[in-house]
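Have a look at the structure below, then the notes.
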Amino acid sequence: MLSKLLTTVLLLAAQAYTADVSKLFHYELGLNGTAHQAEFLERTHAGYRLTYVNGYYSPEQEQTLFSSIWEKTNAAAAVPWISRHGLTGTQYTDLSTELRSKNYHPVVLNGYNLKNGERRFVTIWEKSPIGVWTQSVDLTTDQLKEKVAGLSPLRLTSLSGYTINNELRYSATWGERTSADWKGEWLYYTNRTGVLNVGVDAAEWKPTYLHAHSVDGEPVFDSVWERYTGPGYGVRLWYDEGSSTAEMYKTFFDSMTKRGYKPRMLTGHYSKECGVRYAGVFY
């Protein structure tokens, strides 16, 4: 018991004194398409890489907005990457064909709806070593379930929900995962009302993908989880902030990055009761 207690204390102490990473990361909330593109050009010129982005419609502002996470990269070790937003289904298919032929693969694929209900895609692709991978868009809930079963042992690497003609649809990517902290167990959830409203133990599981969208004015979450088995197993090593205002997220971002936690996902969504809110994950 004493040994276990000391181990836990040491782990928590290590977390507390992890190096400050606040200067390495940047985020943006609530940018329209034009502002997002301008930010894209400014950040890439300054040596940042876009690591996560999602789109969402704000009835209050009557426009589509984007939230994003950026990481300062080492130019010598940088992996080639490409990002696009505002893509129709046909445009995304054409982009996929082009980039796949150049040995790129998607690391972020999020669908979102415009004011008129049409869906668009925002995506990030990178050129890095990877095994088998595949993707699908516009899946129904049942089709997604069938795909997950049929593509095993490939695992979901991204998942996002949106609507087409007022019916839920999903875009998803699958890939081989060989990271040492994958034990072979993973889960996914769709259309949930909260980040942690999935019944997993936060000390044993961590989200590897998170996306939020609005259904009839109510925010819902889609997520992919892996069982964590690396150092610190049994101690919660990741944290989330759900339903935050922009001010609340800034406070959380500053606190977590100064403690050494890296922002992994940042997803905006609209709630008819609260307006635009944000959910983020750090580990």
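The values are calculated or read from the model by the stated rules, or taken from the named source; none is laboratory data. Given the structure is predicted, the values throughout are model-derived calculations rather than measurements. Glycine also receives a Cβ, built like all others from the backbone with ideal geometry; neighbour counts cover every protein chain displayed.
The residues of the stretch 238-283 include none that are in contact with an Asp or Glu (Cβ under 9 Å, 6 or more places away or on another chain), in a loop (DSSP other than H, G, I, E, B) and closer than 13 Å to residue 210 by Cβ. Would you mind stating whether residue 201 is more than 25 Å from residue 170 (Cβ to Cβ), at pLDDT below 95 and not in a strand (DSSP E or B)? Criteria met by residue 201. Among the residues of the stretch 233-259, those identified as at pLDDT 85 or above and among the small types (Gly, Ala, Ser) are 244, 246, 255. The one condition from (1) farther than 28 Å from residue 57 by Cβ; (2) surrounded by fewer than 19 Cβ atoms within 10 Å (Cβ to Cβ); (3) not charged (D, E, K, R) that residue 228 does not meet is (2). May I ask you to verify whether residue 97 is assigned to a helix (DSSP H, G or I) and either within 16 Å of residue 27 (Cα to Cα) or in contact (Cβ under 8 Å) with a residue 24 or more places away in the chain (or both)? The answer is no for residue 97. State yes or no: is residue 151 in contact with a strand residue (DSSP E or B) (Cβ under 7 Å, 6 or more places away or on another chain), of a type in the set (A, V, I, L, M), without any contact (Cβ under 8 Å) to a residue 24 or more places away in the chain and more than 27 Å from residue 32 (Cα to Cα)? Spelling it out, residue 151 is indeed in contact with a strand residue (DSSP E or B) (Cβ under 7 Å, 6 or more places away or on another chain), of a type in the set (A, V, I, L, M), without any contact (Cβ under 8 Å) to a residue 24 or more places away in the chain and more than 27 Å from residue 32 (Cα to Cα). Of everything listed in (1) under 18 Å from the mean Cα position of the chain (by Cα); (2) modelled with pLDDT under 95; (3) not small (Gly, Ala, Ser), the single unmet condition for residue 215 is (1).
For the stretch 101-134, the candidate set comprises residues that are among the β-branched types (Val, Ile, Thr) and in a loop (DSSP other than H, G, I, E, B); within that set, the residue that is modelled with the highest pLDDT is 132.
Screening 14, 75 for residues that are modelled with pLDDT under 95, within 25 Å of residue 283 (Cβ to Cβ) and surrounded by fewer than 18 Cβ atoms within 10 Å (Cβ to Cβ) leaves exactly one candidate, 14.
Only a single criterion out of (1) in contact with a Ser or Thr (Cβ under 8 Å, 6 or more places away or on another chain); (2) part of a loop (DSSP other than H, G, I, E, B); (3) under 29 Å from residue 59 (Cα atoms) is not satisfied by residue 170, namely (2).
On the basis of being charged (D, E, K, R) and at positive phi, does residue 240 make the cut? Here the answer is no, as residue 240 does not meet what is asked.
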